[in-house]
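The values are calculated or read from the model by the stated rules, or taken from the named source; none is laboratory data. Model, not experiment: these values are computed from the prediction. Cβ: placed from backbone, ideal geometry, glycine included. Neighbour counts: every protein chain shown.
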Amino acid sequence: MSNPITENRSLFEQLYTHAPIGIAVASHVNGRWLQLNPAFCEMLGCSEDELIDSPIVHMIYEEDLEMEEFRSNFWDMTNGLSLMYEVELRLKRKDSSLLWATLRACIVRDEVSGEPLYLLVQAADISKQKDAESRLIVQRKQLEESSRISRLLAESSLDLIAIHQADPERTFKYVSPASKRMLGYDPEEVVGQSGLFCIHPEDVALVEAYMAAQIQGLAPDRISYRLLHKEGSVIWADTITHYVYDKQGNLQEMIGVTRDITASMQQQLSLQEYQSLFDCNPLGVASLDLEGNLLKANAGQEQLTGHTKEELLSGPFDHLIDPVDLDKTRYHFEQTVKGNAQSYEVGLIHKNGQRIETSVINVPILLEDRVVGVYGITSDITESKRYVEEIENLSYERALILNAISEGVIGLDPAGNLIFANPVATEMMDFCPSEMNGKPLEEIILQMQSEGIPYPSNGYPILQAVREGRSLPRSESVFWRQDGSSFLAEFQLKPIMDQGDNRGAVLVFRDMTSVKDIIRAKEAAEQADRAKSEFLAIMSHELRTPLNGIMGMAHLLKETELDEEQYGFVDIMIDSGESLLHILNEILDFSKIEAGKMDLERQPVDIKAVLGGVMELFSLRASEKNIELYCEMSEQIPTRVRGDETRIRQILINLVGNAVKFTEKGSIQVHVDVKPADSYDENHLILSFSVKDTGIGIPSNKQHQLFQSFSQLDPAINRKYGGTGLGLAISKKLVELMGGAIGVQSEAGEGADFHFTLLLERWQDESNDRMDQASDHELKLDRTRLAAGIKILVAEDQYLNSHLLEEMLRKLGGVCDIVENGEEAVKALERETYDLLFMDIQMPVMDGIEATCRIRQTHPEIPVIAAITAFAGPNDREACLKCGMQDFISKPFSSAEISRVLSTWVPYIRSRHER
């Protein structure tokens, strides 16, 4: 009986020996050959003896051996981490040639222990397959190169190449990249769209008719029409279309090549525009040959000369020129023929024999860099020359006036450069006007600050006012000449405005004193200013303190139960007190303005609300006098502007109050308009106000006194109507502080029209609006409970004022403790904690400023301290806030002002309690 194992081994040996593929055994430890069959040896061109014990990697081509995939997988398999690995790579034959082979390797393990025994490797020659694949790759590359060249041609072409399907919509099948440059669309956005995609709607019918006719052979192979760019612009296009048919004559697809002809179409339009410019120009336009013969003339030339076109074209231009200007005209014409454009003025002779003053521009006609003719453009300047002559006559008269006055006068352009100077100015400043014309003012006059310190470059107040188109009131300053000498000058500056445009300014000045007088005047002025300020502060305190008690008690009395007669008495007391307060405020305001200490706020102002409040204030008085009072306001005025609401209201109250006072019958109309401030940016605007009445009017010979301080036109009228004579003076100074001007037009018995302008800014910050709304909401809280639960201390040395404040706080739901000076307030805070402290400033023993400083050393945040003082100036407010106070009330104070302080700080105090 035969042995199966022996038979299997014999069969394996035959298979191993005669197999058409390479079979070999290698060590799984070091990767060296142990045994190779004849097919493997033949494949490598070596004998088995030459290969045994050599490493497997020696037969692998070096580049393939470096493949990361092969190295890692072969290492995994030889280390027992992988069972089998197959790869295509190149093997090296003995003669150094290469062959492609599929190499398959696996680990053979012991059937019992599972330990690896050896590495079994099979190799099949695939060189022929690889050669076939290489030829196929070359053919594919050639085809791809051909497609690439075609694609490059389409992509690089400036023309748009498109392939359309033969469906009814002529759908885009392919679009070249030129569509992005020409139409703004990527090809992907166009493919799949109708063939009429992006054609101008007005040209769709034209294109459809053309396509239908061309398919029938009844239309040319190209068409011009309009396309719409993705961004909406119009593109003129010229398209050539080619139709592709199959063998049966069926239309398969259409190929269109489109070119952008916008530039050429624009050239045609430009030619049409030029023709329109020539034919429709109101100026005289003519073309001439090099000899001066007119070749073409428009209707403007006919109208200018009175000649028909045939008469104009009958010969050279000589018969049109005044003989006195003929040589001049010929000279300029010859210069133009040489290629130089000319501009000059000559006299033409109209057909009726009249001389016409004209301005002529000659332009050479160039063709291929050669002058072939001349364009002549002629305009009538007869009226403008006459106007110039009148201006020159006026300038002569102006010079006579400037030379006769005793003050120095200098004219400046908007940039601050010298335009003219009269002899007095040149003598005072020691300069020659002919040499300094056009020079900056700072090269002629140096303006110093009061301490003798130079202003920064381009920071002179005069120069700033000139550039901003502002006026400067009459004032004094030290002027320094270029040689180093100086003098005290009294000067004023007035802007030159022409229909709202800044044309410069006029500076008028005169020498006031010598250098020693300057020092004495400066010291005296400073001493007088200090004395004036101290006097005003004392008067403000001494008058406001008793006035506060009178008006406060009157208001409290008015809130009690009174009969009708008593109620009337109280109203008289309040009206009298308010009149006295108004006079006091006018005197103090005027003094502050005169001293240059009036500061304007720059807060949001609702002009409509301000005007409505003023009208409501005087409506009752006007109704009592049977006077019609109404207002008109432009809709162009912004909702809010930036400015000083208090001062604007003060000006309007002065003017409307005067109108009501001096008008017995008829009407009072207030008009407000707006226009842009052309010499500023777009955020600035000019508000124009007019207050017109039908009252007693003002004689023309007394109108110059209207805006003067303490000026009263007629004592008898003043006795009848009353007043300090300061209202209009203050209004004038406030208007000028706000960059405007004020004036009046009136006749005796015909009423008066007061008008003024203000330079303001548009309000752009909406955050403050929301804050205002929030504040309004807080003020609407229940006033009777406003101060409930808040511990309040009042420091006031005047019993009347402390009692008044106590009553006001009681009506607002609060209870307070009272001390008579600052020292007692400090001691009170050492004994007890208070939330809110009303602190008078002027007190015996220790004033409010010192007391606040001591309190803040031990109580940095609490209590909230509000100053109550009769010193109501800006410096007083600043001193109070600087020492640690949070709020400020001036005497006489009202219940509304106390409510405002509580509404502002009570929410903050209560939030501190909740912590």
Task: Odd one out for ALA166 among (1) modelled with pLDDT of 70 or more; (2) farther than 26 Å from LEU251 by Cβ - done: (2)
Open item on the list: Which pairs turn up if I take residues in segment 901-915 that are without any contact (Cβ under 8 Å) to a residue 40 or more places away in the chain and more than 12 Å from VAL864 (Cα to Cα) and look for partners that are of a type outside the set (A, V, I, L, M, F, W, C) and in a helix (DSSP H, G or I) with beta carbon separation below 7 Å, at least 6 apart in sequence or on another chain?
Closed with: none
- [ ] Could you grab me the full set of residues in segment 51-64 that are of a type in the set (D, E, K, R) and either surrounded by 14 or more Cβ atoms within 10 Å (Cβ to Cβ) or closer than 15 Å to ARG90 by Cα (or both)?
- [x] GLU62, GLU63, ASP64
Task: Close pairs from segment 198-215: first in a helix (DSSP H, G or I), partner surrounded by 14 or more Cβ atoms within 10 Å (Cβ to Cβ) and of a type in the set (Gly, Ala, Ser), Cβ under 9 Å, at least 6 apart - done: VAL207/GLY195; ALA209/ALA219; TYR210/ALA219; MET211/GLY195; MET211/ALA219; ALA212/ALA219; ALA213/ALA219
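Each row is one residue, and each column tells you yes or no for (1) within 19 Å of THR694 (Cβ to Cβ); (2) surrounded by fewer than 13 Cβ atoms within 10 Å (Cβ to Cβ).
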position	(1), (2)
GLY612	no, no
ARG621	yes, no
ILE627	yes, no
GLU632	yes, yes
ARG640	no, no
ILE653	no, no
GLY657	yes, no
Task: Count of residues meeting criterion [closer than 15 Å to PHE491 by Cβ, among the small types (Gly, Ala, Ser) and assigned to a loop (DSSP other than H, G, I, E, B)] in segment 406-422 - done: 2
Open item on the list: Considering only residues that are β-branched (Val, Ile, Thr) and modelled with pLDDT under 70, which ones fall in segment 254-274?
Closed with: none
- [ ] Would you point out the residue of segment 780-799, among those that are outside any helix (DSSP H, G or I) and of a type in the set (D, E, K, R), that is modelled with the lowest pLDDT?
- [x] LYS780
Task: Filtered residue count, segment 443-466, keeping only those that are crowded, with 18+ Cβ neighbours inside 10 Å and either at pLDDT 80 or above or touching a Ser or Thr at 6+ places or on another chain (Cβ under 7 Å) (or both) - done: 7
Open item on the list: Can you pull out every residue in segment 794-850 that is within 17 Å of PRO860 (Cα to Cα), within 51 Å of the chain's Cα centre (by Cα) and among the aliphatic types (A, V, I, L, M)?
Closed with: LEU836, LEU837, MET839, ILE849
Task: Matching residues, segment 101-118, being assigned to a loop (DSSP other than H, G, I, E, B) and hydrophobic (A, V, I, L, M, F, W, C) - done: VAL112
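Among the listed residues SER802, SER767, SER775, identify the single one that is of a type in the set (Ser, Thr, Tyr), touching a strand residue (DSSP E or B) at 6+ places or on another chain (Cβ under 6 Å) and at pLDDT below 85.
On the way: SER767 fails: touching a strand residue (DSSP E or B) at 6+ places or on another chain (Cβ under 6 Å); SER775 fails: touching a strand residue (DSSP E or B) at 6+ places or on another chain (Cβ under 6 Å).
Of SER802, SER767, SER775, the one residue that is of a type in the set (Ser, Thr, Tyr), touching a strand residue (DSSP E or B) at 6+ places or on another chain (Cβ under 6 Å) and at pLDDT below 85 is SER802.
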Open item on the list: Condition first: at pLDDT 80 or above, under 22 Å from ILE462 (Cβ atoms), of a type outside the set (A, V, I, L, M, F, W, C) and in contact with a Gly (Cβ under 6 Å, 6 or more places away or on another chain). Can you find one or more residues in segment 393-409 that meet it?
Closed with: no
Task: Condition broken by GLY613, with the remaining ones in (1) modelled with pLDDT under 85; (2) part of a loop (DSSP other than H, G, I, E, B); (3) not polar (S, T, N, Q) satisfied - done: (2)
Task: Residues of segment 466-488 classified as hydrophobic (A, V, I, L, M, F, W, C), part of a strand (DSSP E or B) and in contact (Cβ under 8 Å) with a residue 40 or more places away in the chain, total - done: 3
Task: segment 192-229, residues that are within 21 Å of ILE163 (Cβ to Cβ) and of a type in the set (Lys, Arg) - done: ARG222
Open item on the list: Is it the case, given these coordinates, that LEU728 is over 30 Å from GLN499 (Cα atoms), over 31 Å from the mean Cα position of the chain (by Cα) and modelled with pLDDT under 85?
Closed with: no
Open item on the list: Going residue by residue through segment 824-834, is there one that turns out to be modelled with pLDDT of 90 or more, surrounded by fewer than 18 Cβ atoms within 10 Å (Cβ to Cβ), under 24 Å from HIS555 (Cβ atoms) and not β-branched (Val, Ile, Thr)?
Closed with: no
Open item on the list: Looking only at segment 615-651, how many residues end up being farther than 19 Å from GLU664 by Cβ and either more than 31 Å from the chain's Cα centre (by Cα) or of a type outside the set (Lys, Arg) (or both)?
Closed with: 20
TODO: Determine which member of the set VAL388, VAL374 is modelled with pLDDT of 85 or more and not small (Gly, Ala, Ser).
DONE: VAL374
